[in-house]
Amino acid sequence: MELDDANQKIIGSETVTYFNNSPDELKYIWLQLDQNLFQKGSISSLSQTGAINPAGMSSGAVQNLGTPRGIGLSKEKEYGYNITSVRDKAGKPLKYTINQTMMRIELPAPLRTGQNYSFNVDWNYNITEYYGRSGYEFFPKDGNYNYFIAHWFPRLAAYDDVSGWQNKQFLGGSEFTLIFGNYKVAITTPNDHIVAATGECQNYKQVLNATQLRRLDQASRSKTPVVIVTQAEAEAAEKGKPSGKKTWIYTAQNVRDFAFASSRKFIWDAMQTDVYGDGRKIWSMSYYPKEGNPLWGQYSTRVVEHTLKSYGNRTFKYPYPVAISCHGTPGGGMEYPMISFNGGRPEPDGTYSEQVKAGMIGVIIHEVGHNFFPMIVNSDERQWTWMDEGLNTFCQYLAEKEWDYNFPSRRGEPQYIVDYMKADKSLLSPIMTSGENVILLGPNAYAKPATALNILRETVMGRELFDYAFKEYANRWKFKSPTPADFFRTMEDASGVDLDWFWRGWFYGTEPVDQDLAQVEWFQVNSMNPDVVKAEARAEAQRRANTVSKQRDAASKSETVVAKDSSMRDFYNSYDPYTVTDAERKRYQDYLATLSPEERKLAESNANFYTVTLKNKGGLVMPVVIRMEFEDGTDSVARFPAEIWRFNAGQVRKVIATDKKVVQWTLDPFQEIADIDSENNSFPRRSQPSRFQLFKQQQATRPKNPMQQQKEATQPPATQGGRKN
Ligand SMILES: [Zn+2]
């Protein structure tokens, strides 16, 4: 294929050899024509409703998509595939039909099990501006284009024993359903471009100069990134013009797709390291324009390697020879086998906010992490967005914490999903919904499943059982195509934990968690000891006798008849009903003699018994975690499994015994179950003041980031020099 930089166009030709490994005879083959998303009259454009993303929470890709006639599409150009030829090996035209983003090729004879069939397709299309998944970014300052090219060739649709042909149309929101294959791709570009692609370059000797080859060799033995193309060299290339063309040849084995990036603006750094300590070296690489520095040079390649390590440890060792992070447009990210296009761009002055840095590291982890889900654990993205995004976001959260305990992760912590869980019902759909039909895709397909898995790991199953089962799922389904049930089943199968209730609540429902600590009743054993019983009775009688009338009578100092006249008294005027008699003490000793040693210990212990009444107001059944704070200032946490609700999912009562008296009860004290209302989590209720603002501060302009503020404070503008890199 050729990348036409002058016209932002792809001109391609492919030979496909299709192997029928199914037990069925195939009369035709379906190919995917994803670029037709941008044609006039595509289902995607015609079915768009509304104008503004209702909650601002949708993924960047969907937001940027707009209508195909929207952002970045020139009015003068036609978009979508121009298929110029479909022929068999002998050059004979094959009959084909294009239905939107799908193309059916009719085979001259049915393809039987075990047979293969080769054919050729020629095509071209105009590249769109980067729309979240592929396209170009134009830099007006230097007049150059960065290309991030994906779903650029007619790709095979998947045929499997679950759905037959998976030829659900591409509407832009839900990603891809793909099959594994081996690729050999020749990419012709202007000769001043640097190309990054899925797989291994076969002809670096032809496309790189001697200095670059020497640096690459150095990088193959380096534990830290080595710059192959420097910023100075990239900046020089930006100003130059190509003197011809160059062809980069890549091969990739057992991948579900092939993507590449190309630009004369690329800085390139790399290192080949023994990621798993098993002697096999894997390339971690980054390609970025100068606009990405200083962040990209410092972090990208190191984060790539960290991701392979972290994900590999909880799934399987990364099987491919290379993993690449390219700096695409300022925000967002997109994944393909071995290569990803990621955002995270500093200010033009080289400073950046902490959010930009964390966003960049987070998105690189995420997109490189997608190599595991779905590039290798090859779930059907077109149907189930959560299967790759949810599992990947969960692993991303753990990799972020392994990068830095204090990493400001956006998703994964149970408390972060609360806003979504209590959103208006009309905005919610079960996780088990096709990604194309979900309103709030980010929270639904990324954050909620990631949070659910985190809760499963920390609160329901425990780390050991969870990690074992999760690893089993990844290994059982690598290079295969799992469905949701395969995931659910494997997690239970490998752990021995019944999780049906969990999948039902978190994946098939939209109800939130809201546990209510409705009541706590306190009991103590009646000790029967007359010295104890009567002393308590006396105290109680005195309390009850202390009425307002009695206080005022006593204060009035007027003497009563009985007080004045002793002849008006008898036995009962001096009788104390709370005095313990010897007979009573004897009876108590006789009673003790009838008790077993354990009963006797309990009778004398003064233990506290509490009946705790819990209500499930949210509907989503969860384990109960409850903290008891005792009167001596110590505390204790009790954990009860979700099975506690099995006889009544609305309300349960539980008896808890403690030696010490409990002064405060708190449900979910460590924010681990995504309870949407913490007001009803304490008993006695703790009141929280609502804060009101005395005055409102208005921020008219975007505040300077902390790096800029410090720069200003330490450097008076007059002496400020040029920017260093
Ligand atoms: Zn993703």
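Would you mind listing the helices (runs of 4 or more DSSP H) fully within the stretch 383-498 where at least 1 residues are open to solvent by 40 Å² or more (accessible area, probe 1.4 Å) and more than 16 Å from the ligand (Cβ to nearest atom)?
Working: elements: 385-403, 418-421, 448-455, 463-477, 484-493.
Because the criterion is at least 1 residues that are open to solvent by 40 Å² or more (accessible area, probe 1.4 Å) and more than 16 Å from the ligand (Cβ to nearest atom), the helices (runs of 4 or more DSSP H) in the stretch 383-498 that meet it are 385-403, 418-421, 463-477, 484-493.
Could you grab me the full set of residues in the stretch 214-234 that are more than 16 Å from residue 286 (Cα to Cα) and open to solvent by less than 70 Å² (accessible area, probe 1.4 Å)?
none
Just wondering, is there one or more residues in the stretch 504-515 that are in a helix (DSSP H, G or I) and touching a strand residue (DSSP E or B) at 6+ places or on another chain (Cβ under 9 Å)?
To start, the set of residues in the stretch 504-515 that are in a helix (DSSP H, G or I) comprises 504-506.
After this cut, where a residue has to be touching a strand residue (DSSP E or B) at 6+ places or on another chain (Cβ under 9 Å) as well, the list is 505.
Yes, the stretch 504-515 contains at least one residue that is in a helix (DSSP H, G or I) and touching a strand residue (DSSP E or B) at 6+ places or on another chain (Cβ under 9 Å).
What is the one condition in (1) touching a helix residue (DSSP H, G or I) at 6+ places or on another chain (Cβ under 6 Å); (2) in a loop (DSSP other than H, G, I, E, B); (3) over 30 Å from residue 515 (Cα atoms); (4) not small (Gly, Ala, Ser) that residue 562 does not satisfy?
Residue 562 satisfies every listed condition except (2).
Please work out which residue is surrounded by the fewest Cβ atoms within 10 Å (Cβ to Cβ), limiting yourself to the stretch 333-352 and to residues that are among the small types (Gly, Ala, Ser) and in contact with a strand residue (DSSP E or B) (Cβ under 8 Å, 6 or more places away or on another chain).
Going residue by residue through the stretch 333-352, those that are among the small types (Gly, Ala, Ser) are 333, 340, 343-344, 350.
Those still in the list that are in contact with a strand residue (DSSP E or B) (Cβ under 8 Å, 6 or more places away or on another chain) too: 333, 340, 343-344.
Working: 333: 27, 340: 28, 343: 20, 344: 28.
Per the criteria, the residue is 343.
Residue 211 fails exactly one of the following numbered conditions: (1) open to solvent by 10 Å² or more (accessible area, probe 1.4 Å); (2) under 23 Å from residue 151 (Cα atoms). What is the number of that condition?
Failing condition for residue 211: (2).
Would you mind stating whether residue 554 is open to solvent by less than 80 Å² (accessible area, probe 1.4 Å) and under 30 Å from residue 683 (Cα atoms)?
Details: open to solvent by less than 80 Å² (accessible area, probe 1.4 Å): yes; under 30 Å from residue 683 (Cα atoms): no.
Against the criterion (open to solvent by less than 80 Å² (accessible area, probe 1.4 Å) and under 30 Å from residue 683 (Cα atoms)), residue 554 does not qualify.
Taking the condition of being open to solvent by less than 30 Å² (accessible area, probe 1.4 Å) and at negative phi, how many residues in the stretch 657-672 meet it?
From the stretch 657-672, those open to solvent by less than 30 Å² (accessible area, probe 1.4 Å) are 658, 662, 664-669, 672; that's our starting set.
Narrowing further to those that are at negative phi: 658, 662, 664-667, 669, 672.
Qualifying residue count for the region: 8.
Name every residue in the stretch 157-167 that is of a type in the set (Asp, Glu) and part of a strand (DSSP E or B), in order of residue number. So that I can check it myself, show each step before the final result.
To start, the set of residues in the stretch 157-167 that are of a type in the set (Asp, Glu) comprises 160-161.
Within the stretch 157-167, just 160 meets the criteria.
Does residue 601 satisfy the criteria of being at pLDDT below 95, open to solvent by 90 Å² or more (accessible area, probe 1.4 Å) and more than 23 Å from residue 500 (Cα to Cα)? If you could, list the steps in order and put the result at the bottom.
Numbers: at pLDDT below 95: yes; open to solvent by 90 Å² or more (accessible area, probe 1.4 Å): yes; more than 23 Å from residue 500 (Cα to Cα): yes.
Here the answer is yes, as residue 601 does meet what is asked.
Can you run down the residue pairs with Cβ atoms below 8 Å, 6 or more apart or on separate chains, where the first is in the stretch 260-273 and closer than 24 Å to residue 245 by Cα and open to solvent by 10 Å² or more (accessible area, probe 1.4 Å) and the partner is modelled with pLDDT of 95 or more and of a type in the set (A, V, I, L, M)?
Pairs found: 264/194; 264/234; 264/237.
Take the conditions in contact with a helix residue (DSSP H, G or I) (Cβ under 9 Å, 6 or more places away or on another chain) and either over 26 Å from residue 5 (Cα atoms) or touching a residue at least 40 places away in the same chain (Cβ under 8 Å) (or both) and apply them to residue 251. Does it pass? Break it down stepwise before answering.
Details: in contact with a helix residue (DSSP H, G or I) (Cβ under 9 Å, 6 or more places away or on another chain): no; either over 26 Å from residue 5 (Cα atoms) or touching a residue at least 40 places away in the same chain (Cβ under 8 Å) (or both): yes.
Here the answer is no, as residue 251 does not meet what is asked.
Can you tell me which condition residue 331 does not meet? The list is (1) within 14 Å of the ligand (Cβ to nearest atom); (2) touching an Asp or Glu at 6+ places or on another chain (Cβ under 8 Å), and all the others hold.
Among (1) within 14 Å of the ligand (Cβ to nearest atom); (2) touching an Asp or Glu at 6+ places or on another chain (Cβ under 8 Å), the lone unmet condition for residue 331 is (2).
For the stretch 42-56, what are the residues that are surrounded by 12 or more Cβ atoms within 10 Å (Cβ to Cβ) and either modelled with pLDDT of 95 or more or outside any helix (DSSP H, G or I) (or both)? Working first, answer last.
Restricting attention to the stretch 42-56, the residues satisfying the condition of being surrounded by 12 or more Cβ atoms within 10 Å (Cβ to Cβ) are 42-45, 48, 53-55.
Correct list: 42, 48, 53, 54, 55.
Answer yes or no as to whether residue 643 is modelled with pLDDT of 95 or more, in a helix (DSSP H, G or I) and exposed (fewer than 13 other Cβ atoms within 10 Å of the Cβ). Step through it out loud before you land on a result.
Working: modelled with pLDDT of 95 or more: yes; in a helix (DSSP H, G or I): yes; exposed (fewer than 13 other Cβ atoms within 10 Å of the Cβ): yes.
Spelling it out, residue 643 is indeed modelled with pLDDT of 95 or more, in a helix (DSSP H, G or I) and exposed (fewer than 13 other Cβ atoms within 10 Å of the Cβ).
Considering 405, 416, 397, 446, which residue is more than 30 Å from residue 291 (Cβ to Cβ) and in contact with a helix residue (DSSP H, G or I) (Cβ under 8 Å, 6 or more places away or on another chain)? Steps first, answer last, please.
On the way: 405 fails: in contact with a helix residue (DSSP H, G or I) (Cβ under 8 Å, 6 or more places away or on another chain); 397 fails: more than 30 Å from residue 291 (Cβ to Cβ); 446 fails: more than 30 Å from residue 291 (Cβ to Cβ).
Of the residues listed, the single one that is more than 30 Å from residue 291 (Cβ to Cβ) and in contact with a helix residue (DSSP H, G or I) (Cβ under 8 Å, 6 or more places away or on another chain) is 416.
Could you give me the residue pairs with C-beta distances under 9 Å whose first residue belongs to the stretch 370-389 and is at positive phi, whose second residue is within 13 Å of the ligand (Cβ to nearest atom) and open to solvent by 10 Å² or more (accessible area, probe 1.4 Å) wherever it lies, and which are 6+ apart or on separate chains?
none
Scan the stretch 106-143 for residues that are of a type in the set (Gly, Ala, Ser), open to solvent by less than 10 Å² (accessible area, probe 1.4 Å) and not in a loop (DSSP other than H, G, I, E, B) and jot them down.
Within the stretch 106-143, just 135 meets the criteria.
Let me spell it out: the conditions are (1) over 18 Å from residue 268 (Cβ atoms); (2) away from the ligand (no atom under 15 Å from the Cβ); (3) open to solvent by less than 30 Å² (accessible area, probe 1.4 Å), and residue 301 meets all of them except one. Which number is the exception?
(1)
Taking the criterion of being more than 12 Å from the ligand (Cβ to nearest atom), open to solvent by 10 Å² or more (accessible area, probe 1.4 Å) and touching a strand residue (DSSP E or B) at 6+ places or on another chain (Cβ under 7 Å), would at least one residue in the stretch 354-372 satisfy it?
no
Return yes or no: is residue 289 within 16 Å of the ligand (Cβ to nearest atom), over 22 Å from residue 223 (Cβ atoms) and open to solvent by less than 10 Å² (accessible area, probe 1.4 Å)? Give the derivation first.
On the way: within 16 Å of the ligand (Cβ to nearest atom): no; over 22 Å from residue 223 (Cβ atoms): yes; open to solvent by less than 10 Å² (accessible area, probe 1.4 Å): yes.
Answer is no for this residue.
Kindly evaluate residue 691 against the criterion of being under 25 Å from residue 457 (Cα atoms), of a type outside the set (A, V, I, L, M) and free of Cβ contacts under 8 Å to residues at least 24 places away in the same chain.
Numbers: under 25 Å from residue 457 (Cα atoms): no; of a type outside the set (A, V, I, L, M): yes; free of Cβ contacts under 8 Å to residues at least 24 places away in the same chain: yes.
It is false that residue 691 is under 25 Å from residue 457 (Cα atoms), of a type outside the set (A, V, I, L, M) and free of Cβ contacts under 8 Å to residues at least 24 places away in the same chain.
Can you tell me which residue is surrounded by the fewest Cβ atoms within 10 Å (Cβ to Cβ) among those in the stretch 156-196 that are small (Gly, Ala, Ser) and touching a helix residue (DSSP H, G or I) at 6+ places or on another chain (Cβ under 8 Å)? Working first, answer last.
Restricting attention to the stretch 156-196, the residues satisfying the condition of being small (Gly, Ala, Ser) are 157-158, 163-164, 172-174, 181, 186, 196.
Narrowing the set further to residues that are touching a helix residue (DSSP H, G or I) at 6+ places or on another chain (Cβ under 8 Å) leaves 172-174.
Values: 172: 25, 173: 21, 174: 23.
Within the stretch 156-196, the match that is surrounded by the fewest Cβ atoms within 10 Å (Cβ to Cβ) is 173.
Across the stretch 235-259, which residue is nearest to residue 200 (Cα to Cα) among those that are open to solvent by 20 Å² or more (accessible area, probe 1.4 Å) and part of a strand (DSSP E or B)? Even if it seems obvious, please write down each step before you answer.
So the first thing to find is which residues in the stretch 235-259 are open to solvent by 20 Å² or more (accessible area, probe 1.4 Å), and the list is 235-237, 239-247, 249, 251, 253-254.
From what is left, the residues that are part of a strand (DSSP E or B) are 245-247, 249, 251, 253-254.
Details: 245: 20, 246: 17, 247: 14, 249: 8, 251: 6, 253: 9, 254: 13 Å.
Going through the qualifying residues, I end up with 251.
Against the condition open to solvent by 60 Å² or more (accessible area, probe 1.4 Å) and within 25 Å of residue 451 (Cβ to Cβ), how does residue 684 come out, does it pass? Steps first, answer last, please.
Working: open to solvent by 60 Å² or more (accessible area, probe 1.4 Å): yes; within 25 Å of residue 451 (Cβ to Cβ): no.
It is false that residue 684 is open to solvent by 60 Å² or more (accessible area, probe 1.4 Å) and within 25 Å of residue 451 (Cβ to Cβ).
The values are calculated or read from the model by the stated rules, or taken from the named source; none is laboratory data. From a predicted model like this one, the values you see are computed outputs, not experimental measurements. When we count neighbours, we look across all protein chains shown, and the Cβ atoms used for this are built from the backbone with ideal geometry, even at glycine. Just so you know, the surface numbers come from the protein's heavy atoms only, side chains and all, with ligands and any DNA or RNA stripped out. Shrake-Rupley method; radii C 1.70, N 1.55, O 1.52, S 1.80 Å.
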